[in-house]
Amino acid sequence: MTPEFADASAGARVLHVVSPDGVEGLGAALGPEAAAWLAATGFKGDLGEVRLLPGADGSVVAAVAGFGTAKARRRQRFGLARAVAGLPAGAWRLSGLEAVADREEAALGVLLAQYRFGRYRAVKDAAGARLICPEGVDAGRLLAMARGEFLTRDLINTPAQDMGPAELEAEFFALAGRHGAAATVVRGEDLLEQGFPMVHAVGRASPRAPRIMEMRWGSEGPALTLVGKGVCFDTGGLNLKPSNGMNLMKKDMGGAATVMGLAQMIMELGLPVRLRVIVPAVENVVSGNALKPKDILTSRKGLTVEVNDTDAEGRLVLGDALAWAGEEPCDLLVSMATLTGAARVAVGPDLAPYYCDDAGVVAALEAGAVAGCDPVWRMPFHDAYESVIEPGIADLDNAPGFGFAGSITAALFLRRFADHPRYVHFDIYGHTPTEAPGRPKGGVGQGARAMLCGLPAMLGL
């Protein structure tokens, strides 16, 4: 499914957008019949509220949508997408939004709301109504954002039977092929020979061989490296999850899906960067040769890791991937992973917590989050907890028994491998638990639009 705007040359009806304090004035401007209709139907201008305006022959000639109060808009992103979903099919033109930022959010929300996952059943068009791209809004940029997000959602929503390491590799190479990027992969026992022991250790129990993929695109500009966790299914290994803990584990490759979506946005927009994308892809399952509690692994970087919980496997595969990333200079290093339940306890499913110690990157990312309607929340690399991840028998502990600050200690673990002054780590959820405007229930990207919008300031583009 491809997001789209209506053709600007199409005959379009007008969607008048109005806040609660402007309803009376709009009604008067539209004429007595429209004013009477809005009053009779109790229209108040609440966010996402919509009324169809009939013509003399009973046909729909226009519509009015509520913009809500500033407080309502702070509490609900993409509220106008709900109104557009209630419009008849055809082209519609927004009227009444003065600020370009408001028009951008409305247009992006409507594009994102067009998503439907139709791999396993026929689905209806998300909405027959299509917006003409509003004036002053960069259609290409918003479409690139939406297409990247659709890729991420499709990857996360696909169950592990059809999105294992091999299938994720195929999607990775297809993405590279669409944009003229170069891609390579190391699989199976070759991981040991080429220095990815922790990727191999996590994935060796599965009959679907573990692997690590790399993509390179662009020959000029600052260097950007993206690393995404690609655990295609996580049973917990020998520290087996209960059944309810496995129900969403097809999304444990959400970090890989999100960096691939972000890479698509970057390549489609032709940003002047040297892009490198690294995705370790494994299944964490149980068999006779599965990774065991108290095993000690020697990582690509040479650091030893005591495995105190085989269900804390994401940081192991990312450790090797980040060490590899750090062997080549770059201007910005970013990792994304569905890493800890502690992050969800801290900020819930709607925010993407991130870690970064570079003030300039933080400022750019926070501004990008606002511009991309992609909320993030900064968490601390709290140095006082460094001792918690040091078990004594090895350099690092993958699952310390501290009992607190699980997302922070996981981020500190990754920082030992990243070893880069401009490093950003996202501990994302990758799933929308309930239907929301612009975000159907299921897989979702987090942090990608914030990064995209922040990159010009981060990298001096």
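The values are calculated or read from the model by the stated rules, or taken from the named source; none is laboratory data. Predicted, not measured: the structure shown is a model, and the values here were computed from it. Positions of Cβ are generated from backbone atoms using ideal geometry, with glycine treated the same way; all protein chains shown enter the neighbour counts. When the accessible area is computed, the model is the full protein with side chains, heavy atoms only, and any ligands, DNA or RNA have been set aside. Shrake-Rupley method; radii C 1.70, N 1.55, O 1.52, S 1.80 Å.
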ask   = For Pro3, what is the net charge nearby, where nearby means another residue's Cβ is under 9 Å from its Cβ and Lys, Arg count +1, Asp, Glu -1?
value = -1
query = Helix 359-371 versus the longest principal axis of the chain: what is the Cα-based angle in degrees, 0 to 90, to the nearest 10?
reply = 40
query = Put a dot 7 Å past each Cα toward the Cβ at Glu98 and Glu328; how far apart are the dots in nm?
reply = 5.0
task = Kindly write out, for the stretch 302-317 in residue order, the coupling ³J(HN,Hα) from the Karplus curve 6.51 cos²θ - 1.76 cosθ + 1.60 (θ = phi - 60°), rounded to whole Hz, with x marking Gly and Pro.
result = x, 5, 8, 10, 7, 8, 8, 7, 6, 8, 9, 8, x, 5, 6, 5
ask   = Taking a 28 Å limit on the Cα-Cα distance, which of the listed pairs Lys250/Lys292; Lys71/Lys250; Lys251/Lys292; Lys229/Lys292; Lys124/Lys241; Lys71/Lys441 fall beyond it?
value = Lys71/Lys250; Lys124/Lys241
task = Would you compute, from DSSP H runs of 4+ residues alone, the mean residue ellipticity of the chain at 222 nm, taking -39500 (n - 2.57) per run and dividing by the full residue count, rounded to the nearest 500?
result = -10500 deg cm²/dmol
task = Once you have the Cα-Cα distance between Thr304 and Ala89, take 0.36 nm times their residue separation minus that, and quote the gain in nm to one decimal.
result = 71.4 nm
task = Can you bin the stretch 319-427 into rounded, prolate or oblate? Criterion: square roots of the alpha carbon gyration tensor eigenvalues sorted a ≥ b ≥ c, rounded for a/c under 1.5, prolate for a/b above b/c, oblate for the rest.
result = oblate
task = Report Phe404's accessible area, 1.4 Å probe, all protein chains in place, as a number in Å² to the nearest 10.
result = 140
note = Quick note, the stretch 110-234: a/c under 1.5 would make it rounded; otherwise a/b > b/c is prolate and the rest oblate (a ≥ b ≥ c, C-alpha gyration tensor); here it is oblate
message = For the chain, take the longest principal axis of its alpha carbons; what is the angle in degrees between that and the long axis of helix 406-418, to the nearest 10 within 0 to 90?
response = 70
query = If you roll a 1.4 Å probe over the heavy atoms of the protein chains, what accessible area per residue do you get for the chain, in Å²?
reply = 39
inquiry  = List the residues, sorted by chain then number, that are 5 or more residues from Ser206 or on another chain and whose placed amide H is less than 5 Å from its amide H.
reply    = Val285
Overall form of the chain per C-alpha gyration tensor (a/c, 1.5; a/b vs b/c) = prolate
query = How far is it, in nm, from the label point at Asn244 to the one at Ser59 when both lie 7 Å from their Cα along the line to the Cβ?
reply = 5.4
request  = Averaging sequence separations of C-alpha pairs under 8 Å and six or more residues apart, then dividing by the length of the chain, give the relative contact order as a whole percent.
outcome  = 15
inquiry  = As I understand it, the value is the acute angle between the Cα axis of helix 254-269 and the longest principal axis of the Cα atoms of the chain; what does it come to in degrees, rounded to 10?
reply    = 60
query = Expressed in nm to one decimal, what extension gain is obtained for the pair Ala8 and Leu461 from 0.36 nm per residue of sequence separation less their Cα-Cα distance?
reply = 160.0 nm
request  = Quote the accessible area belonging to Ile393 in square angstrom, nearest 10, computed with a 1.4 Å probe and with ligands, DNA and RNA left uncounted.
outcome  = 110
key: Length added when fully stretched, Gln194-Asp295, from 0.36 nm per residue minus Cα-Cα   = 34.3 nm
